[in-house]
Number of protein chains: 2
Amino acid sequence: MVRPDGFTRLSFTKEEKAAHLQFENIAAEIGLKTRQDAAGNYWAIWEVDQTAPTIAMGSHLDTVNCGGGYDGAAGVLTALAAIKGLQDMKFQPEKNIAVICFVSEESARFGVSTIGSKAITAQLNRREIETIKDRNGITIKQAMTDYGLDWESIEEAALPIDSLESFIELHIEQGMELQETGAEIGIVKGIACPVRLTINTKGMANHTGTTLMNRRKDALVAIAPLINYVQEEALKVNESSEFPLVATVSTIRLHPNAMNVIPGEVELGIDIRSVDDKLKRNFVERIRSFVSELEAKNQVTIEIKTLVDHDSIMLDGKMHARLKQVSEALGYETLSMNSGAGHDVMNMAVNWPAGLIFIPSKDGVSHHPTEFASLESLEKGTNVIMKYIEQEAGNAHES
Amino acid sequence: MVRPDGFTRLSFTKEEKAAHLQFENIAAEIGLKTRQDAAGNYWAIWEVDQTAPTIAMGSHLDTVNCGGGYDGAAGVLTALAAIKGLQDMKFQPEKNIAVICFVSEESARFGVSTIGSKAITAQLNRREIETIKDRNGITIKQAMTDYGLDWESIEEAALPIDSLESFIELHIEQGMELQETGAEIGIVKGIACPVRLTINTKGMANHTGTTLMNRRKDALVAIAPLINYVQEEALKVNESSEFPLVATVSTIRLHPNAMNVIPGEVELGIDIRSVDDKLKRNFVERIRSFVSELEAKNQVTIEIKTLVDHDSIMLDGKMHARLKQVSEALGYETLSMNSGAGHDVMNMAVNWPAGLIFIPSKDGVSHHPTEFASLESLEKGTNVIMKYIEQEAGNAHES
């Protein structure tokens with residue numbers, strides 16, 4: 001059954017808070033110690049000994065606007081399910097097992113993603129983000145304060161390296177590779193981090209009824225060809241490249257956006273991804289050169305800003321091998337693959353050996369109410385996590 | 001001196017109210033009787049005899065977002081100035097002279113224009129508009145109620161035909177014909193009323209990072225070619241048509257409009273105008289046919305809605321001749337012309353002989369902070385109104 005409007009639990013809203021409290025309830029029910037850290041991440045710990053090493057796993061519960069029920073939630077719930085399963089089996093871990101429910105993974109509200117995992121890995125600088133606003137003009141600082149956090153101390157969520165031993169995340173694939181190859185579990189090698197641009201075009205607002213067609217400086221007409229250029233060029237690039245590249249004009253802000261006024265100013269947001277960083281950056285250069293042509297042809301000024309430009313993240317080879325071995329040992333068809341989407345694990349990977357497990361999502365649909373992963377896939381994912389914990393934290397572990 | 005953000009006095013806001021109260025103050029200062037009608041229009045009357053005929057003039061004080069200082073205001077202030085000038089000349093009118101400050105002329109807030117003059121001419125049906133919302137979700141009904149009006153009685157603003165004898169409006173041209181021909185005063189023959197369409201395109205929202213380029217149903221990519229088609233086709237049409245046609249993709253609503261989500265739904269708003277109604281409607285057919293092609297080529301569904309489709313308004317020939325004669329008698333270079341923009345006079349013209357006087361607006365710029373009409377032009381416009389009133393309402397009037 002699909003909820004027609006899906007789920008909307010934006011970053012630092014009462015909806016995200018309610019989901020975290022539900023996480024806390026379930027964790028407490030299975031006997032885990034829970035706490036919220038200074039950035040708003042919720043932790044649930046199966047603690048055996050404070051001096052023992054801790055292996056961690058987790059994902060997030062926030063969503064985009066009208067998102068699906070699995071992106072993030074699948075990783076949090078399978079982590080809890082794995083612990084419950086191990087408890088039911090009377091498994092006695094020799095390490096502490098932590099489940100992290102990361103706050104604010106999606107960029108839907110503030111244009112900044114993975115705030116919680118950035119904070120844990122000391123990659124969050126509150127001075128750099130404090131003035132960023134959502135579309136209602138509320139700053140991140142205000143939103144986090146209203147969420148009950150102390151803005152001045154959010155960076156204290158950063159953990160010493162020795163406080164964790166490793167990290168794994170399970171996530172729905174949000175693509176179609178598993179479905180198309182018939183694989184049941186994907187083990188991720190690399191994560192494609194986006195380059196994000198905004199393209200601001202300034203023309204001249206004027207009356208739609210009185211300004212003759214050849215007298216206009218219509219900002220939207222000037223920049224509109226870029227929308228199809230990005231699509232067509234990305235299709236072409238994929239014909240001849242080893243790794244896929246995806247590029248999307250995903251946001252538009254039009255000013256004044258009124259029926260009887262010629263668009264005076266337009267801002268397009270573009271998201272470009274590939275695990276091949278060179279391919280990604282070459283594509284940005286193509287966009288720059290096409291935009292220069294548009295600027296030269298039209299009486300407008302165009303400014304390109306780079307919001308984000310990170311190298312792709314390669315995950316730990318040993319973790320990859322272990323997760324693959326565990327999955328195959330369970331008899332699952334397993335695929336080594338890359339991720340086109342960013343996840344909290346990419347931040348955790350900077351500090352700790354980290355792994356990412358994918359389960360199939362139907363037809364690759366995600367960030368949409370019809371997003372779906374089968375209960376069977378969720379169960380297989382849970383089994384992989386259980387088996388991994390048995391190996392890592394059991395008597396027989398080889399780490 | 002240009003205010004960088006121009007003026008924002010949207011329909012039924014405290015800003016529009018403040019402008020109306022200022023109008024009331026000035027009118028009272030020069031001894032006019034003032035009142036607000038049931039739809040929120042402000043009236044100022046130089047009353048000589050309640051049984052005498054009334055000639056009316058006026059314009060509006062609301063603006064678009066970040067509009068200029070002259071669109072509307074020029075017509076209200078020159079009307080008051082003409083009365084003041086005639087009073088200073090000790091002119092004794094034999095008819096009542098009314099200045100109407102029409103409420104809510106611009107469609108910027110609700111997508112509905114000339115609400116005040118529609119109400120006066122019994123062209124407003126409150127049932128048809130009551131659920132229309134602004135971008136903050138406030139209905140017209142709510143906004144008018146908050147403005148201090150009684151929603152149930154707004155239609156009582158409609159006037160019996162015999163309560164006015166004629167109506168004139170002065171407005172800035174918002175185009176470049178006067179400037180280019182060197183004419184000082186324009187007398188308008190016809191007003192091009194818009195056809196307004198919304199084009200709603202539904203594709204499929206999905207994750208920008210994980211959905212390969214050839215697996216997308218990007219609603220924005222599908223419909224984007226229409227933006228340039230409208231511009232290019234309108235340019236072509238103008239090469240071979242007697243009357244100009246203007247067409248603009250002026251609004252966009254993108255859903256979900258988030259950096260990491262492929263656009264699932266896009267609504268474009270299009271405004272098409274020409275005094276040649278056939279030309280205008282043929283253009284709509286071209287758009288329909290192009291949209292069908294886009295729909296066939298892409299995996300999206302597209303729905304076209306007609307918001308507005310009115311015939312153009314031809315103003316009264318005798319009024320046109322009188323205003324032209326008056327303007328020429330004053331020695332002004334005078335141009336008979338058409339209007340690409342709608343004005344309150346187009347509603348008044350349905351019930352009463354009506355005329356429209358244009359004064360030049362610099363470089364045709366309007367709905368923009370740099371909108372400008374010179375004091376000299378405003379003075380010439382005032383002189384035309386004074387001379388017209390002298391003839392219409394003086395001893396020597398020939399009506």
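Read-outs: derived from the displayed coordinates by stated rules, not from any lab. Note that the structure is a prediction, hence the values are computed from the model and not measured. FYI the Cβ positions are ideal-geometry reconstructions off the backbone, even for glycines, and counts take in every protein chain you see.
Quick look at the numbers
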item	result
Length released on extending from B:ASP309 to B:GLU379, taking residue separation times 0.36 nm less the Cα-Cα span	21.6 nm
Net +/- balance of residues flanking A:SER377 in space, Cβ distance below 13 Å, scoring K and R +1, D and E -1	-4
Average beta carbon contacts from partner chains per residue of B:226-237, 10 Å cutoff	4
Nitroxide proxy distance, nm - points 7 Å out along Cα→Cβ at A:LYS318 and B:VAL2	6.5 nm
Neighbourhood net charge (15 Å Cβ-Cβ; Lys/Arg +1, Asp/Glu -1) for A:ILE30	-1
Inter-copy spacing of A:THR51 label points, which lie 7 Å from Cα along Cα→Cβ, given in nm from shortest upward	11.2
Violating pairs (Cα-Cα greater than 24 angstrom) within the set A:LYS278/B:LYS217; A:LYS14/A:LYS133; A:LYS362/B:LYS217; B:LYS141/B:LYS202	A:LYS278/B:LYS217; B:LYS141/B:LYS202
Gain on full stretching of the segment that runs from A:PHE290 to A:LYS236 - 0.36 nm per residue minus C-alpha separation	17.9 nm
Residues of type lysines that B:LYS84 reaches as a straight line, Cα spacing below 17 Å, ignoring anything fewer than 8 places off in the same chain	B:LYS33, B:LYS95, B:LYS380, B:LYS387
For B:LYS318, inter-copy label distances in nm, listed shortest first [label point 7 Å out on the Cα-Cβ vector]	10.0
Nearest-20 debye value, segment B:45-166 charge dipole, Cβ charges on Lys, Arg, Asp, Glu	320 debye
Listed residue (B:PHE7, B:GLY68, B:ILE304) projecting farthest to the positive dipole end of chain B, Cβ model	B:ILE304
Rg(Cα) / (2.2 N^0.38 Å) computed for chain A, rounded to two decimals	1.06
Length-normalised contact order for chain A - Cα pairs under 8 Å, 6+ apart - percent	24 percent
Mean residue ellipticity (222 nm) of chain B, computed from DSSP H runs ≥ 4 via -39,500 (n - 2.57), nearest 500	-10500 deg cm²/dmol
Pair B:ARG215, A:GLN325: separation of 7 Å Cα→Cβ label points (nm)	3.0 nm
Inter-copy spacing of A:GLU303 label points, which lie 7 Å from Cα along Cα→Cβ, given in nm from shortest upward	3.9
Proxy reagent accessibility, fewest Cβ within 10 Å first, across B:GLU328, A:GLU169, B:GLU265	B:GLU328, B:GLU265, A:GLU169
Least to most buried among B:PHE7, A:PHE358, B:PHE290, A:PHE12 (fewest other Cβ within 10 Å first)	B:PHE290, B:PHE7, A:PHE12, A:PHE358
GNM flexibility winner over chain A from A:GLY364, A:GLY381, A:GLY203 (Cα, springs under 10 Å)	A:GLY203
Unit charges on C-beta of K, R, D, E only; dipole of segment A:195-309, Debye	360 debye
Tail weight of P(r) past 26 Å, computed on alpha-carbon pairs of segment B:101-242, percent	55 percent
Neighbour count of at most 15 Cβ within 10 Å plus DSSP loop: longest trypsin sites (Lys or Arg not before Pro)-free window in chain B	B:136-399
Charge context of B:LYS141, other residues only, Cβ under 14 angstrom, K/R +1, D/E -1	-3
Burial ordering of A:THR208, A:THR145, fewest other beta-carbon atoms within 10 Å first	A:THR145, A:THR208
Paramagnetic reach from A:GLN87 in segment A:356-394 [backbone N under 16 Å; point 7 Å along Cα→Cβ]	A:386
DSSP H segments from chain B that extend 20 Å or more along their own axis, Cα-based, with Kyte-Doolittle mean of 0.0 or above	B:73-88
Gyration tensor verdict on segment A:195-309 (Cα atoms; rounded if a/c is under 1.5, prolate if a/b is larger than b/c, oblate otherwise)	prolate
